[in-house]
Amino acid sequence: RCPMCAMDWQVLTRELSLYLENQVRVGLFGSGVGLSLVLGFGVAYACYYLSSIAKKPQLVASNNRFCRFLEEYCPVVTETYYPTIWCWEGRVQTLLRPFITSSPQVQYRNELIKTADGGQISLDWFDNNDSIYYPDASTRPTVLLLPGLTGTSRESYILHMIHQSETLGYRCVVFNNRGIAGEDLLTPRTYCAANTEDLETVIHHVHSLHPSAPFMAAGVSMGGMLLLNYLGKTGRDTPLMAAAIFSAGWNVFESVESLEKPLNWLLFNYYLTTCLQSSVSRHRQMLEKLCDMDLVMKARSIREFDKQFTSVMFGYPTIDDYYEDASPCRKLKSVGIPVLCLNSVDDVFSPAHAIPIETAKQNANVALVLTSCGGHIGFLEGIWPRKCTYMDRVFKQFVRAVFEHGNKISSM
């Protein structure tokens, strides 16, 4: 090439580059085509979000006085819930919450208490001795917290509940199921959603330590199922003045069937099964006295684990007998104290069709709050949901309502 040709080629290339750059800028944004597409998509998504995603929860309660109590002192249950706009789908919320939400720092005081069969239960206390509102420990309101299936006092949702309680001046105690929080098993027994003996022991122990303190409980997932089964068994004969339930599985048959669908098995079922196996493998030598641990460790689903371990551990003839006994929907009619239950209808752990709406309407002590989104212990809201979730706000407002206006709720 001659120098002149080379120069012409460079000029041509530069001019073509500038032309294309200008065309992209003008064509996409200067002419408004690209901007219109972006804005159009944004408007369409916003319309869909506001019409189909962000909704007021459904409040199910047959007792008008209970409804009015909630509307006045726990208004969050009647306000529109705006899920995080970029992850409102139930499975996504369920998966992301443990990674997105913060874990507030909590200093616990551990207590090991003995059980009638020779076992031990680990309780983690947050005494809140710096409480400004309730400086007298003997009358400081107490919240008993029950974590989920393999959860402990270190779960982020438990830490958030304690943080909310701390700001209100309340004391918290977390009930860790046997063998799950690092303590040894002294007897060949763990826990399940149906057997309430350990919970009864804990409730009476906590109440005996602070008999003059207002006392209520909150359970999450399996902890909520256990608490509901306890309340269905005891009726009004309990020192608890009220309870809050979050993401409980109402019908275990339906929950297990939902979790066995291919995608749900891949995302949740298999992982939870391995967590259960891990929680019992540490106590293998003790548990081999009752169960074939080789079969237990081969389980590939929660149903298989319950068949080989849980139902055998607690003496049920079949797994169906255990699942029937563990399903809170069968005991809801007998609940004798005010209970607020929060569920999302897109929770794969508790399918919408299995939520006992009609049964709840038959008990004046029960109120169901059903959101359109939220998943299982998700309920994320805000652009970047690091701190407070919708579930946290429901917990804080309801607990405060019970402790500060309990005379109105107890007279229902």
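Quick rundown of the values:
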| quantity | calculated |
| --- | --- |
| For segment 252-326, alpha-carbon Rg relative to the globular expectation (2.2 N^0.38 Å, N residues) | 1.08 |
| Cα-Cα over 28 Å, subset of 114/396; 307/331; 114/333 | 114/396; 114/333 |
| At least 30 Å along the helix axis (C-alpha) and Kyte average at least -0.5, DSSP helices within the chain | 3-25 |
| Relative packing of peptides 398-409, 262-273 - highest average C-beta neighbours within 10 Å first | 398-409, 262-273 |
| Three semi-axes of the equivalent ellipsoid, segment 50-170, Cα gyration tensor, whole Å, largest first | 31, 22, 16 |
| Counted charge near residue 82, where neighbours are those whose Cβ lies closer than 10 Å (Asp, Glu -1; Lys, Arg +1) | -1 |
| Segment 311-412 - convex hull of the alpha-carbon atoms, volume per residue in Å³ | 153 Å³ |
| Cα-based Rg and Dmax for the chain, where Dmax is the largest Cα-Cα distance (Å) | 26.4, 102 |
| With every protein chain in place, segment 252-326: carbon and sulfur % of accessible area (1.4 Å) | 53 percent |
| Using a Förster distance of 35 Å, the FRET efficiency for residue 53-residue 212 (Cβ separation, nearest 0.05) | 0.15 |
| Full-extension gain in nm, residue 295 to residue 38, via 0.36 nm per residue minus C-alpha separation | 87.0 nm |
| Accessible solvent surface per residue of segment 336-402, calculated while the other protein chains remain in place, 1.4 angstrom probe, Å² | 30 Å² |
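The values are calculated or read from the model by the stated rules, or taken from the named source; none is laboratory data. Everything numeric in this text was worked out from a predicted model, so none of it was measured. In this analysis, Cβ positions are derived from the backbone assuming ideal geometry, glycine residues included, and neighbour counts consider all displayed protein chains. When the accessible area is computed, the model is the full protein with side chains, heavy atoms only, and any ligands, DNA or RNA have been set aside. Shrake-Rupley method; radii C 1.70, N 1.55, O 1.52, S 1.80 Å.
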